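Here is the structure we will look at, set down as structure tokens.
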Amino acid sequence: MSALLGVPTGVAYHIVLALTSAFTPLLGGLAAVAGIAVLTIMVRLLVAPLTFRALRGQAAQARLGPQLQRLRQRYGRQPERLRRELAALYAREGTTVFAGVWPVLVQWPVFSVLYLLFRSARVAGGANLLLSRQLFGVPLGNYWLSGTGALSAHGAVFLAVFALLAAACWLAARLARRLAPVPAAPAGGARLLTVALPYVTVAAAAFAPLAAGIYLMTSTAWSAAERWLFARRAAGLREATGG
């Protein structure tokens, strides 16, 4: 583990252990899973302002799509004029081409710390005790494609997590398309890539410890909830302004 991420990972580790200890009298063997979920939600709440800023930027980019396309068609042979027209359009709308991107990039180190925590055998100078906890008899440090087999009783626990994660991915992708619809459906390989891309997270979980899969499931479900809330607010504003 790099020194740069070691300190925040250690802090997150002690927080999730404290949560696990607090939940143990009430939840027993599910305490560690609850600790992972609660820590994930705490972090998602912390970065929520950046998330909603990114969603507003993505919605603005989608709204301006037709105008951007017209400008590119009109001034495609005049690069300098095109840049000026695009800059003027973004200025009038109070946004930028990077409005939906930079808040996501800022959040990336935070989520990297959590993912690293839930897949590292050693944290804070010692063994990662969280990974020795279990979910229905499966240690949180176990991998789906190792141990007793992918289709065993233990494997069924992984498959349940993957199914929930896939459902969250599907919902998040559906909400994303509603917020920023694609003007024209891609064809061929591009269409296949568009369909498969939302489920890359499921593939990542298949090659990660169970703890990381639970984190990804919680984070993706929370992301879908944020998109749903943003869509509700946007619809409410449109109704209020008659747009």
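The values are calculated or read from the model by the stated rules, or taken from the named source; none is laboratory data. Source: prediction; values computed, not measured. All Cβ positions, even for glycine, are placed from backbone atoms using ideal geometry, and neighbour counts span all protein chains on display. We work out accessible area using only protein heavy atoms, side chains counted, and drop any ligands, DNA or RNA first. Shrake-Rupley method; radii C 1.70, N 1.55, O 1.52, S 1.80 Å.
Quick notes on this structure:
- Selection from region 156-180 of residues that are touching a residue at least 24 places away in the same chain (Cβ under 8 Å), more than 14 Å from TYR199 (Cα to Cα), in a helix (DSSP H, G or I) and open to solvent by 30 Å² or more (accessible area, probe 1.4 Å): ARG178, LEU179
- Among the numbered conditions (1) of a type outside the set (Lys, Arg); (2) touching a helix residue (DSSP H, G or I) at 6+ places or on another chain (Cβ under 7 Å); (3) open to solvent by 50 Å² or more (accessible area, probe 1.4 Å); (4) in contact (Cβ under 8 Å) with a residue 12 or more places away in the chain, the only one that PHE98 does not meet is (2).
- Options ARG81, ARG119: the member that is touching a strand residue (DSSP E or B) at 6+ places or on another chain (Cβ under 6 Å), open to solvent by 70 Å² or more (accessible area, probe 1.4 Å) and at pLDDT 85 or above: ARG119
Per-residue answers, yes or no, for (1) surrounded by 14 or more Cβ atoms within 10 Å (Cβ to Cβ); (2) modelled with pLDDT under 85:
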{"site": "GLU93", "(1), (2)": "yes, yes"}
{"site": "TYR115", "(1), (2)": "yes, no"}
{"site": "LEU135", "(1), (2)": "yes, no"}
{"site": "PRO139", "(1), (2)": "yes, no"}
{"site": "LEU145", "(1), (2)": "no, yes"}
{"site": "GLY149", "(1), (2)": "no, yes"}
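- Any hit, region 166-174, residues being under 22 Å from the mean Cα position of the chain (by Cα) and farther than 29 Å from ALA12 by Cα: yes
- Any hit, region 45-53, residues being surrounded by 12 or more Cβ atoms within 10 Å (Cβ to Cβ), out of contact with any helix residue (DSSP H, G or I) (no Cβ under 8 Å at 6 or more places or on another chain) and modelled with pLDDT under 90: no
- Residue selected from region 122-133 under the condition closer than 15 Å to ILE15 by Cα and either among the basic types (Lys, Arg) or in a loop (DSSP other than H, G, I, E, B) (or both), by the criterion most open to solvent (accessible area, probe 1.4 Å): ALA124
- Condition met for SER21 (loosely packed, with under 14 Cβ neighbours inside 10 Å, at pLDDT below 85 and of a type outside the set (A, V, I, L, M, F, W, C)): no
- Residue list for region 65-96, filter: touching a Gly at 6+ places or on another chain (Cβ under 9 Å) and not in a helix (DSSP H, G or I): THR95, THR96
- No other residue among LEU89, LEU135, LEU131 is in contact with a strand residue (DSSP E or B) (Cβ under 7 Å, 6 or more places away or on another chain) and touching a residue at least 12 places away in the same chain (Cβ under 8 Å) apart from LEU131.
- Number of the exception - GLY10 against (1) under 24 Å from ALA121 (Cβ atoms); (2) of a type outside the set (Phe, Trp, Tyr); (3) free of Cβ contacts under 8 Å to residues at least 60 places away in the same chain; (4) surrounded by fewer than 18 Cβ atoms within 10 Å (Cβ to Cβ): (3)
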